[in-house]
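The values are calculated or read from the model by the stated rules, or taken from the named source; none is laboratory data. This is a predicted model, so every value here is computed, not measured. Note: accessible area is taken over every heavy atom of the protein model, side chains too, but ligands, DNA and RNA are not part of it. Shrake-Rupley method; radii C 1.70, N 1.55, O 1.52, S 1.80 Å.
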Amino acid sequence: MKPSYVRYSLLKSIDFMSQNLDQFVNRPGADFVRNRKCPFSTLLLFLLQMEAHSLDKEIWRFFPKPAFRITKSGLIQQRQKLN
């Protein structure tokens with residue numbers, strides 16, 4: 001299996017999950033409704049790409065531009081919304 005196919009399949013699955021949020025969040029209709037720096041799809045990609053570094057280093061690596069960077073507290077709050 002080619003890496004490009006695996007990546008395509010993963011992104012397609014995340015897109016499907018983003019369109020059917022009610023099945024994957026704790027409070028359907030309330031979680032991930034507002035426009036945030038870290039929406040559902042970005043949060044999933046971040047969690048899948050995490051390595052064995054501290055949360056601070058992972059955030060700096062994933063969000064290189066300070067304008068788009070999320071705080072540790074914000075990330076944890078978004079993560080708690082996942083089912």
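Stokes-Einstein diffusion coefficient for the chain at 37 °C in a medium of 0.692 mPa s, Rh from the Kirkwood formula over Cα pairs: what value in µm²/s? Please list the in-between numbers first.
On the way: Rh = 13.8 Å.
The calculation lands on 238 µm²/s.
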- line: Result: in the chain the number of Lys pairs with C-alpha under 30 Å apart, spaced 8 or more or on different chains, is 16
field: Debye intensity ratio I(q)/I(0), log10, segment 35-83, q values 0.14, 0.24, 0.27, 0.32 Å⁻¹ (C-alpha model)
entry: -0.30, -0.92, -1.18, -1.58
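Per the helix-only calculation at 222 nm, which mean residue ellipticity applies to the chain, given -39500 (n - 2.57) for every DSSP H run of n ≥ 4 and division by its residues, nearest 500 deg cm²/dmol?
Details: 4 runs with 43 residues, N = 83.
Value at 222 nm, helices only: -15500 deg cm²/dmol.
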task: Sort 72, 65 from largest to smallest accessible area, using a 1.4 Å probe on the heavy atoms of the protein chains.
output: 65, 72
